[in-house]
1. Evaluate E = 1/(1 + (r/R0)^6) for ASN593 and VAL302, where r is the Cβ-Cβ distance and R0 equals 41 Å; express this FRET efficiency to the nearest 0.05.
2. Could you look at the range 77-141 and say what percent of its accessible area is carbon and sulfur, using a 1.4 Å probe and all protein chains?
3. Considering only PHE115, VAL127, VAL91, whose Cα is most displaced toward the positive end of the charge dipole of the range 77-137, charges sitting on Cβ of Lys, Arg (+1) and Asp, Glu (-1)?
4. Just to check, using Stokes-Einstein with a Kirkwood Rh over alpha carbon pairs, what's the diffusion coefficient of the range 26-152 at 10 °C and 1.306 mPa s in µm²/s?
5. Once both labels are modelled 7 Å past Cα along the beta-carbon direction, what's the LYS419-ARG86 spacing in nm?
6. Could you tell me the relative contact order of the chain? Use alpha-carbon pairs under 8 Å, at least six residues apart, and round to a whole percent.
7. Given bins 10 angstrom wide, list per bin the percent of all Cα-Cα distances in the range 629-712, short to long.
8. Tell me the angle of helix 266-286 to the major Cα principal axis of the chain, expressed in degrees between 0 and 90 and rounded to the nearest ten.
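The values are calculated or read from the model by the stated rules, or taken from the named source; none is laboratory data. Quick caveat: nothing in here was measured; it's all calculated off a predicted structure. Methodologically, a virtual Cβ is constructed for each residue, glycine included, from the backbone with ideal geometry; neighbour enumeration extends over all protein chains shown. Areas reflect the complete protein model, heavy atoms only, side chains present, ligands, DNA and RNA absent. Shrake-Rupley method; radii C 1.70, N 1.55, O 1.52, S 1.80 Å.
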Amino acid sequence: MTSGDLGPLNETAQAVRVMKEKYIQWQQRLDALIAQDPAGAVVSEGSELSALVTEIADVTAGPEEGSIALAKRVYAHLYEGNLNSRLHINVYVSALVMIKEKVIKSIPTEITSWFANWNDDRKFHPVAGEMLVRARLFHLPELDAQLVRMMTANRSSLPADLAIHLIRTCLVSDPVVTSADLFNTLDTLAKIARHSSNGSSVLMLVEQARQVTRPSVRDHTDPPGLREQVVVLFDEWARLSEDQPANQMHDKFVLKLQTAGFLKGEELTDRFLRILTDLAVNHCLTGESSSMTMRPGLLYFVAVDAYVRLLTMLITAHGGGPPLMAKATGVVASQLQKDADLNGGDFNSRPYYRMFLGLICSLPTNDPTDGSVFGMLTALSNTLALVQPLRVPGFAFAWLDLMSHRNLMPKLLLAPSHKGWPNFQRLLLALLRFLEPYLRNAELTDAVRLLYKGTLRVLLVLLHDFPEFLCEYHFQLCNVIPPSCIQMRNLILSAFPRNMRLPDPFTPNLKVDLLPEINQSPKFVPEPQNLLPADLRTAVDTYMKARDPSGPFLGSLRNRIALSQQESIMQGTRYNVPLLNALVFYVGIEAINLDKPGPQGNTMHQPSLDIFMRLANDLDTEGRYLFLNALANQLRYPNNHTHYFSCILLYLFNETSQEIVKEQITRVLLERLIVNRPHPWGLLITFIELIKNPRYNFWTYDFTHCAQEIERLFESVARSCMGQPREDDSNIMHQGQPQQAQVQG
């Protein structure tokens, strides 16, 4: 590389330095003006302060990396400055609004990420948070998720205090958001309040907030005559599209829309799309047709289809592209949420389903490698995330059909470099999170049972056509599946890369450690350094390197993964299951990286064994069961993770002196084998080794023949795993045990 090649890089770095110097001067001048008016609260129009705030657009204009870095400094200084000054808060929020309007349109996403990752309690300042919400500087779906995470994981009351303040000010007193926007926050606060001695006032506030289905009226008051103008245009468009179906452009009509300004300004375009959505839905539900008699339950989709054709034309034929797709679907999603909140059990999802379905089916048939097509796919997947079943339960069945549609799911998963995988993973996780409480509590109504079957079918399609997706995201998916959903978890863990041919686990005397695949590392998400909180990761790393069994680390493990009483009531368990899963996975990964295991004997000399043995022996029955499930979740296709965790489970069975531990290991393996196929390859080879290898003396333990039904079950599974047993195996298995037919797969 020559010095000339470095020119653009040097120019960018120089531009960023100049931007930073300008910013420092701008901030100093701004703070000086704020200090001159300590009692001030608002930025007066035309004032020197107002003019200086607008300069931030010029200061932050430049290379994207510099713009984002300076925007982050504005956000940080909002909290690091004088939070007792209302003027200070207003000024810096106004500066962020200016950056959003002039420089970085995606700044709400960035601010929400900074809020989530900044380890400083000042970020919970209620007034600053309120002003950011009112200025629409948070990405509300992610803010909702982060508030829930912080309230459940943080020992402090600050996250809950902020959530209560936002609900009281931005949702009840002077609404700028709806109950759908903070659905999960409201739900979590209600759960906390029910188990609090003074939670009645919070419960009352939550109930008030749940009645708010739309922001204050002034935010949605349309200019006089606008609705009538849109009605005339929509009626004209409906006739045009019916009379000239072959015309894909309709240039004159589009020119009329452009002349009216409906395709230019953000606010007017939003109003235009909102009115069109409202007209189409109302026409559909009321069946406004004088020429036909509507049968009960029959909907009239003429207006909805006309609306979809208009959007499709503007998006694909007139350059609207991904931005217009995102805007249009966002408007439809907003109307859907309000409609669902307003009508409750009477909500009819079919008009909205038809709209989304029409847009999905109208996607260009180009290869998903096309950037424009992928942008539209991303817009649709992001919008579906906004109306996920947790937010709009009445849309759950339609939502499941849309997210798994043949025009959406395969295109997302076939996008180059797997860039569509995170989008679909977010949708799949949203579906599993919605089902989780019903499945955990075995509350399977007919509707939930049907949704569960639909989810299994989606997972089967993924297992057959996109197994690499399940392989890579297995950890995060298993994290949100309750322990009782064994078959669903088996579907995910049975996935293996399509270019791999699985060795037959029933091969006599199979030498697993000699398989070429067993030394390969699998792909997985997230990265190891992102699995654990920083303090726990540091403690694990220190122990893995120094191995000091007499230190405090091993003794602290149980408390580290335990939930508080309040959290355990909400989660239905005494343990932080995702953290336990992450701890087990991280320790295993680090053990493999530090000293790759060959035969099982080599694992006995690793510090990881101290951690695993301590967890197996110290945890109570519930905690141990969850811990062993975390180990079994890594028994997948042939790779070094499967081999390592298989060795760990066998080692624990052989070395522990507590028979209850051996029994629970057997239970965890057995319950995964007695459900319908498929069964993960690593699960089969582990159980076969356990029952066949004499070193484990499996058949001599009381729990294998404590009852006749248990004896029959063990024999049946053993026959299914090993085929017809040899005479010596039969002698081991049948110490007074009756014969039993082979278990059904």
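1. Details: r = 62 Å, r/R0 = 1.51.
Given R0 = 41 Å and the Cβ-Cβ separation, E is 0.10.
2. Numbers: 1200 of 2640 Å².
With neighbouring chains kept in place, the figure for the range 77-141 is 46 percent.
3. So the residue we want is VAL91.
4. On the way: Rh = 14.9 Å.
Estimated via Stokes-Einstein, D reaches 107 µm²/s.
5. In this crude label model, LYS419 to ARG86 measures out at 4.6 nm.
6. Values: 820 pairs, mean separation 48.7, N = 745.
Relative contact order comes out at 7 percent.
7. 17, 53, 28, 3
8. 70 degrees
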